[in-house]
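Presented below is the structure to which this report refers.
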Amino acid sequence: MNKIGSVIVPFVGALVISISGCSDATKSKTDCLENFEFQENIQYELKELIGEDDKLQTPEGIACYENLLYVADKDADTIKKYDMNGKLLSEIGKTGNGEGDLLSPSALAVDQEGNIYVAEEGNYRISIFNKEGKFQRSIELAELKQKKEHDFYDLEVNKEGTIFLTLESIEESVCNLYVIKDGEIKSTTKSVSGVFGTNEDKSEIFYFQSRRWEDEAIYSDTGYLGVIEKDNIKKLAVLPEDYGARDAIVYNNCIYAFNEFCTLDRFTLEGKYLETVFSTESNSSTAGYSYMTVDKEGNFYLSDDRTGTVYKLTKLG
C-alpha cells in the first residue's frame with residue numbers, strides 16, 4: 001500500500017506511534033484537516049486500460065517503473081508486465097513454491113533499480129526479481145506461517161532496502177506492520193492495518209492507518225496519515241471517520257490517496273487535505289479497486305480485483 005525529506009534510518013526496535021501533530025484521535029476532521037469537506041476539483045477521467053480484451057483474473061498489486069507497468073495477478077500466480085498502452089509484454093513467475101515460482105502474489109513494489117518485490121500469501125515470503133524478470137532471491141517469513149486467515153495487505157521498500165509489510169486479518173493479532181531488514185523481521189507494530197506511499201527516490205515512507213481492530217473483529221476509531229521517521233510513525237493528521245485509504249502514492253510533492261469513498265484525494269506532505277481530484281460512486285466499476293500507482297506524466301492506474309480490470313486516470317483537458 002508511495003515522499004520528500006529525511007532519509008530513513010534502519011529500524012532497531014518496535015515501531016511506536018509518535019503523538020506529534022494531531023494528538024487527539026477524537027477531534028473532528030476539521031480540527032486536524034483544514035477544510036476537509038471533500039472539495040471537488042475534478043481533474044481526472046477514468047478509462048479502461050486492461051480488461052476488455054485481455055482480462056486479468058485477480059489484479060492486485062500494481063507499480064510503474066520507467067515505461068513499464070507491473071500487475072500482480074493473484075489467482076494466475078504471475079506478475080504481468082505491460083507497456084503504458086496496456087500491451088502485454090511478458091509474464092514473471094508460474095504457480096509453485098520453488099525459486100522464481102509464485103503462489104497468490106498480492107502486493108508488490110519496485111525499487112530505484114527496477115527490482116520487483118512480490119509479497120506471496122501462498123508461500124509466506126517476499127520474492128525479488130530484477131527488472132528483466134529474472135529471479136534473484138526470496139525472503140522467507142517463517143513466523144507468518146503460524147498465522148491464520150490473513151492477507152498480505154501492502155508492501156513498500158525504501159532507498160536503503162528496508163521492506164515494510166502490512167497484514168490484515170479477521171484476527172486482531174495478525175493485523176501488524178512488519179519492518180524487514182537484511183532478510184529478517186526487525187520490528188513489528190501490533191493491531192494496525194494500513195497502506196504505504198513513497199516518492200520516486202524512496203527517501204520517505206508515508207503511512208495511512210485505516211482504522212484499529214477492536215473486539216469481535218470490528219474496525220473502529222479514526223485513522224490517521226503519518227510518516228515513518230527513524231523508529232517512529234509520526235502522526236501528521238487525523239482522518240475523517242471511516243476514511244479507509246486503500247492505497248497511496250506521492251507525486252509532484254503531494255500525497256494522493258484512494259479511499260473507501262471511491263475518491264482520489266490530494267494532501268500536502270505535511271498532511272493537509274487540499275482537494276478531491278477524482279470521484280466515482282462506490283457501486284460503480286471501481287468498487288473492487290485494490291491498488292494504485294502513477295507514471296511520470298501524472299496518470300494514475302487502479303487495479304480492480306472484482307472485474308479483472310486495470311483503469312487509467314488521465315488528466316482532463
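The values are calculated or read from the model by the stated rules, or taken from the named source; none is laboratory data. All values derive from a computational prediction rather than experimental measurement. We place every Cβ from the backbone using ideal geometry, glycine too, and count neighbours over all the protein chains shown.
Residues of segment 294-306 being under 14 Å from VAL71 (Cα atoms) and polar (S, T, N, Q), which ones?
Scanning segment 294-306 gives a single hit, SER303.
Among the residues of segment 251-263, which ones are in a strand (DSSP E or B) and either in contact with a helix residue (DSSP H, G or I) (Cβ under 7 Å, 6 or more places away or on another chain) or surrounded by fewer than 22 Cβ atoms within 10 Å (Cβ to Cβ) (or both)? Give the derivation first.
Initially, segment 251-263 is screened for residues in a strand (DSSP E or B), giving 251, 254-259, 263.
Within segment 251-263, TYR251, CYS254, THR263 meet the criteria.
Name the residue, out of GLY86, GLY61, that is touching a Leu at 6+ places or on another chain (Cβ under 6 Å), closer than 29 Å to ASN232 by Cβ and modelled with pLDDT of 80 or more. So that I can check it myself, show each step before the final result.
Working: GLY86 fails: closer than 29 Å to ASN232 by Cβ.
After ruling out the rest, the residue left standing is GLY61.
Return the residues of segment 51-78 that are within 19 Å of ILE249 (Cβ to Cβ) and outside any loop (DSSP other than H, G, I, E, B); say none if nothing qualifies. If you could, list the steps in order and put the result at the bottom.
Taking segment 51-78 first, the residues within 19 Å of ILE249 (Cβ to Cβ) are 59-72.
Result: PRO59, GLU60, GLY61, ILE62, ALA63, CYS64, TYR65, LEU68, LEU69, TYR70, VAL71, ALA72.
When the residues of segment 96-117 are narrowed to those that are among the polar types (S, T, N, Q) and assigned to a loop (DSSP other than H, G, I, E, B), which ends up farthest from ASP305 (Cα to Cα)?
Of segment 96-117, the ones among the polar types (S, T, N, Q) are 97, 104, 106, 112, 115.
Of the ones still in play, those that are also assigned to a loop (DSSP other than H, G, I, E, B) are 97, 104, 112, 115.
Working: ASN97: 23, SER104: 13, GLN112: 27, ASN115: 24 Å.
Out of the qualifying residues, it is GLN112.
Looking at (1) surrounded by 21 or more Cβ atoms within 10 Å (Cβ to Cβ); (2) in contact with a Gly (Cβ under 9 Å, 6 or more places away or on another chain); (3) within 16 Å of LEU225 (Cα to Cα), find the lone condition where GLU241 falls short.
GLU241 satisfies all of (1) surrounded by 21 or more Cβ atoms within 10 Å (Cβ to Cβ); (2) in contact with a Gly (Cβ under 9 Å, 6 or more places away or on another chain); (3) within 16 Å of LEU225 (Cα to Cα) except (1).
Residues that are in contact with a strand residue (DSSP E or B) (Cβ under 8 Å, 6 or more places away or on another chain), over 21 Å from GLU121 (Cβ atoms), in a loop (DSSP other than H, G, I, E, B) and at pLDDT 75 or above: does segment 174-192 have at least one?
Here is the first cut: in segment 174-192, the ones in contact with a strand residue (DSSP E or B) (Cβ under 8 Å, 6 or more places away or on another chain) are 174-181, 183, 185-189, 191-192.
The next check asks that each one be over 21 Å from GLU121 (Cβ atoms); those that pass are 181, 186-187.
Those left that are additionally in a loop (DSSP other than H, G, I, E, B): none.
Looking through segment 174-192, none of the residues is in contact with a strand residue (DSSP E or B) (Cβ under 8 Å, 6 or more places away or on another chain), over 21 Å from GLU121 (Cβ atoms), in a loop (DSSP other than H, G, I, E, B) and at pLDDT 75 or above.
Step by step: first the residues of segment 74-105, then only those that are closer than 17 Å to TYR124 by Cα and of a type in the set (Lys, Arg), then the one that is surrounded by the most Cβ atoms within 10 Å (Cβ to Cβ). Which residue is that?
Result: LYS74.
Please go through segment 118-148 and pick out each residue that is charged (D, E, K, R) and assigned to a strand (DSSP E or B). Let's see the steps before the verdict.
We begin by selecting, within segment 118-148, every residue charged (D, E, K, R); these are 120-121, 125, 131-132, 134, 137, 140, 143, 145, 147-148.
Matches in segment 118-148: GLU120, ARG125, ARG137, GLU140.
If I filter segment 254-273 down to residues being of a type in the set (Ser, Thr, Tyr) and more than 16 Å from the chain's Cα centre (by Cα), which single residue comes out as farthest from TYR243 (Cα to Cα)? Break it down into steps so the answer makes sense when it comes.
Keep residues of segment 254-273 that are of a type in the set (Ser, Thr, Tyr), which gives 256, 263, 268, 273.
Applying the additional criterion that residues be more than 16 Å from the chain's Cα centre (by Cα) yields 268, 273.
On the way: THR268: 17, TYR273: 13 Å.
Among those that are of a type in the set (Ser, Thr, Tyr) and more than 16 Å from the chain's Cα centre (by Cα), it is THR268.
Give segment 283-305 a look and list any residue that's at pLDDT 85 or above and under 18 Å from ALA245 (Cα atoms), or say none.
Pass one, segment 283-305, residues at pLDDT 85 or above: 291-305.
Matches in segment 283-305: TYR291, MET292, THR293, VAL294, PHE300, TYR301, LEU302, SER303, ASP304, ASP305.
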